[in-house]
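A.B. asks: Below you'll find the structure I mean.
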Amino acid sequence: MSESGAQLFARLEGRRCLKDIEPHLFPEDGGPDHGEVVELCGMEGTGKTELLYHLLCRCVLPEAAGGLEVDVVFVDTDYSLDMLRLVSILDSRLNTALSSSFSAGSEEAALRSCLSRLLVVHCSSSSQLLLTLHFLETSLSSRPSLALLLIDSISAFYWLDRCGGGASVTKQEEKLSKCAELLGRLLRDYRVTVFASCHAIRRSSSGPSSSSDSYLCRSWQRLVSHRLLCSRQDPAVDREQRRRQVFTVRCTSSSSCRVKAFRSSSFYVTDGGVEFIGTSSSQDSEQSQ
Amino acid sequence: MVVLREGMCPGLDAGLLRDLRAADVKTVEDLVSSDTEELARKCSVSYKALLAIRRVLLAQHTAFPVSGADLYEELLSSTAILSTGNPSLDKLLDSGLYTGEITELSGGPGSGKSQVCFGVAVHISYQLKQSVVYIDTTGGLTAGRLLEMLQTETSNTEEQMAALQRIQIFRLFDVYSLLDCLYGLRSGGLQQASVGGGSVKAVIVDSVSAVISPLLGGKHNEGMSLMIQVAGVLKTMAKDFNVAALVTNHVTRSGSGEVQPGLGASWSHIPRTRILLERAEPSAAVSPSGLRSATLIKSSRQPCHIKAEFDLRWWSRSEEESSRKRKLDETDS
């Protein structure tokens, strides 16, 4: 398909690289590069959506408040976006960073400018997700500052597709495969970064250190270069930290140009969003718990 | 999956439809995903015309992106917080039930889930003067109990009748009728259910696990798919019509023996807020106590695992009793 000069420029200009989006999460110099997909998986209540809010805030905040000032598209498939919570995180971060010279009016203006960098889309089925990704292609070509695509969650239609596809596994996975292929093409052409959350459907009985296998289709699994496994520490175990729930994230980065690397980190969830505590990293070897 | 039909958009006539079907393009998704140049060649139609059709169909069927600022404005003006009528439960829920979300109440038999639902329905209908849709799947709702709760609020029979009229009840016992009812409510039924000036502010489903858990398990996936469909229609209804959805769930025991809400891991992502109800530590009293303890197990606004104790008889207390109870609460805390 031919494209206009403006579209070509927007495509090649080079979107902001998000390698430094959150150094606590990823191994040394191993943040998500252009066109890479990061999958966050975990059980309910393990902090996946909070992490997405944290990354969102990091992207839309102005540079003076520690942000990257890029546009973000949030694809909401299960109506889990809580705008009030998001705004309270943005507010508290803007307040801590720009506390000195701001009056009430300019604070609101700063909040509004942050929110105007965010685009939210609600999808209610995987066919609609496919059509929406096609539609987003025009947004991608017209907004060169758009560098991040957040999908919460990619597994929302898993059971609907599985039942709708009857007995054949290919038919069941067909819709998500098409979405994954289209997403792959958009990543190659427009070089954005994608973070997607995937809900776990089986409770793992062997504790948080076991890696749960992805149950989504093969085309999606091939796209993913980083997997963040989220889990929650049992509150009974940590007696001193009983007041605050500790969440752990274990990152597995595997892409063709790098060796496999791992990193574990933990965080609390406060009123101002995610706060990281001690981290540990390793290269090529399993971190023993 | 939207099938291509004649007249869906200008330019899509019967002849073009036939050629498209011959080229194996039957749905809107197929049309949008296929290569427009090649398709135009195969169906011997001009490239520009096909491109225009593609653009119109995409605009018709896609979800439209909204700016974050507009979404926030809309939410500020439309979100309401409905008090449940019980101050300790309200404190646990961060001042009450939020519209636009699903709140789940889980508990074992006799833990008071239905009583809490009655209390919430009566409070919203009498104090807040708004309508409530109550979907009863267990057969546990009796108008007599609602009347009893209302009689402690007011002795004026007209006000009692007006409040009872604002609670609309549906009795269904299988998941297909539940889906029928919810789809009907979503496509216009909610406006019709708004009587007495107040719009519907809450939809209570007691209980959602009674109709879904018999279908789960085994080799068939239909049960899971129906569960996700129910969740989807409840969420879209809550968001589009600004109602608070309250559902109840049973409990099971996890592998390590502790009590957890039922319906499995796939349902656990659906409600925004989850509360587990249990009987409070019973004192040596022989008479059945109304004390219950509620634990917050999932919330996006409060730290988890905070507990609150409350009395189920709160919603049917009389006036002098309530002031005495309030003094008791103050000395306790």
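A.B. asks: Show me the strands (runs of 3 or more DSSP E) entirely contained within segment A:184-274 in which 2 or more residues are of a type in the set (Gly, Ala, Ser) and modelled with pLDDT of 85 or more.
C.D. replies: Here the list reads A:193-199, A:224-232, A:261-270.
A.B. asks: Still on this model: Take segment B:43-66 and flag every residue that is charged (D, E, K, R) and open to solvent by 70 Å² or more (accessible area, probe 1.4 Å).
C.D. replies: Passing the criteria: B:Lys48, B:Arg55.
A.B. asks: Further, regarding this structure: What number of residues within segment A:12-35 are touching a residue at least 12 places away in the same chain (Cβ under 8 Å) and either β-branched (Val, Ile, Thr) or over 23 Å from A:Leu186 (Cα atoms) (or both)?
C.D. replies: 7
A.B. asks: If A:Gly184 satisfies all but one of (1) at the interface with chain B (Cβ under 9 Å from one of its Cβ atoms); (2) open to solvent by less than 20 Å² (accessible area, probe 1.4 Å); (3) without any contact (Cβ under 8 Å) to a residue 40 or more places away in the chain, what's the number of the condition it fails?
C.D. replies: That leaves (1) as the condition not met.
A.B. asks: Given B:Ala49, B:Ala63, which one is modelled with pLDDT under 90 and at the interface with another protein chain (Cβ under 9 Å from one of its Cβ atoms)?
C.D. replies: Within the list B:Ala49, B:Ala63, the selection yields B:Ala63.
A.B. asks: Another question, then. Which of the residues belonging to segment A:154-168 are within 12 Å of chain B (Cβ to nearest Cβ) and more than 15 Å from A:Ser127 (Cα to Cα)?
C.D. replies: If the condition is that a residue be within 12 Å of chain B (Cβ to nearest Cβ) and more than 15 Å from A:Ser127 (Cα to Cα), then A:Gly166, A:Ala167 are the ones that fit.
A.B. asks: Could you name every one of the strands (runs of 3 or more DSSP E) located completely within segment B:193-261 that has at least 3 residues being within 21 Å of B:Gly140 (Cα to Cα)?
C.D. replies: Ranges flagged: B:200-206, B:244-249.
A.B. asks: Inside segment B:69-87, can you point out the residues that are hydroxyl-bearing (Ser, Thr, Tyr) and under 22 Å from B:Lys129 (Cα atoms)?
C.D. replies: B:Ser77, B:Ser78, B:Thr79, B:Ser83, B:Thr84
A.B. asks: Taking B:Lys235 as meeting all but one of (1) exposed (fewer than 15 other Cβ atoms within 10 Å of the Cβ); (2) touching a Phe, Trp or Tyr at 6+ places or on another chain (Cβ under 6 Å), write down the number of the exception.
C.D. replies: (1)
A.B. asks: Counting only residues that are within 20 Å of the chain's Cα centre (by Cα) and at the interface with another protein chain (Cβ under 9 Å from one of its Cβ atoms), which one in segment A:135-147 is surrounded by the fewest Cβ atoms within 10 Å (Cβ to Cβ)?
C.D. replies: A:Ser139
A.B. asks: Report those helices (runs of 4 or more DSSP H) wholly inside segment B:24-94 carrying at least 2 residues which are under 23 Å from A:Lys175 (Cβ atoms).
C.D. replies: Output list reads B:28-33, B:36-42, B:47-61.
Residue-by-condition table, conditions (1) open to solvent by 40 Å² or more (accessible area, probe 1.4 Å); (2) outside any loop (DSSP other than H, G, I, E, B); (3) more than 29 Å from A:Met83 (Cβ to Cβ):
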position	(1), (2), (3)
B:Glu104	no, yes, no
B:Ser111	no, no, yes
B:Val120	no, yes, no
B:Ser125	no, yes, no
B:Val133	no, yes, no
B:Gln151	yes, yes, yes
B:Glu159	yes, yes, yes
B:Leu179	no, yes, no
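A.B. asks: Would you confirm, using the coordinates I've provided, whether A:Cys114 is open to solvent by less than 50 Å² (accessible area, probe 1.4 Å) and closer than 21 Å to B:Thr62 by Cβ?
C.D. replies: So A:Cys114 fails the test.
The values are calculated or read from the model by the stated rules, or taken from the named source; none is laboratory data. Note that the structure is a prediction, hence the values are computed from the model and not measured. Here Cβ is always computed from backbone atoms with ideal geometry, including for glycine, and neighbour counts include all displayed protein chains. Surface accessibility is based on the protein's heavy atoms, side chains included, excluding ligands, DNA and RNA. Shrake-Rupley method; radii C 1.70, N 1.55, O 1.52, S 1.80 Å.
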